[in-house]
Amino acid sequence: MQFEEIIGRLKEIISRDVETKKVYDKDIAIALDLDPQYFAVIKKRKKIPFEAIAYFSHKNNENMDWILFGNNDNDKF
């Protein structure tokens with residue numbers, strides 16, 4: 001799993017709700033219910049926040065398999 005790819009897929013999901021369609025790190029942190037400063041640290045370390053992604057996926061009815069692995073089966077759970 002590549003951190004950048006996962007974040008890219010999260011941005012794709014989050015951009016649906018952002019008026020400007022430009023998603024910033026702060027937007028991702030808020031969507032994952034993480035402190036923006038903490039997100040900056042894990043981004044620098046390329047640490048994937050699995051638990052936060054799991055909650056985000058469940059809360060937003062998104063396919064976690066697609067978020068993490070990019071499988072083409074983008075059906076929502």
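The values are calculated or read from the model by the stated rules, or taken from the named source; none is laboratory data. None of these values were measured; they are calculated from a predicted model. Note that we place each Cβ from the backbone using ideal geometry, even for glycine, and neighbour counts take in every protein chain shown.
Worth a mention:
The rows are residues; the columns are (1) modelled with pLDDT of 95 or more; (2) more than 16 Å from Glu5 (Cα to Cα).
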{"position": "Asp35", "(1), (2)": "yes, yes"}
{"position": "Val41", "(1), (2)": "yes, yes"}
{"position": "Lys44", "(1), (2)": "yes, no"}
{"position": "Phe56", "(1), (2)": "yes, yes"}
{"position": "Leu68", "(1), (2)": "no, no"}
{"position": "Lys76", "(1), (2)": "no, yes"}
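- Matching residues, region 32-60, being surrounded by 13 or more Cβ atoms within 10 Å (Cβ to Cβ), out of contact with any Pro (no Cβ under 7 Å at 6 or more places or on another chain) and not in a helix (DSSP H, G or I): Ile48, Pro49, Asn60
- Pair list, Cβ under 7 Å, 6 or more apart: region 64-77 residue part of a loop (DSSP other than H, G, I, E, B), other residue loosely packed, with under 14 Cβ neighbours inside 10 Å and modelled with pLDDT under 95: Lys76/Asn61; Phe77/Asn61
- Of all residues in region 13-29 being over 11 Å from the mean Cα position of the chain (by Cα) and farther than 16 Å from Lys44 by Cβ, the one that is surrounded by the fewest Cβ atoms within 10 Å (Cβ to Cβ): Glu19
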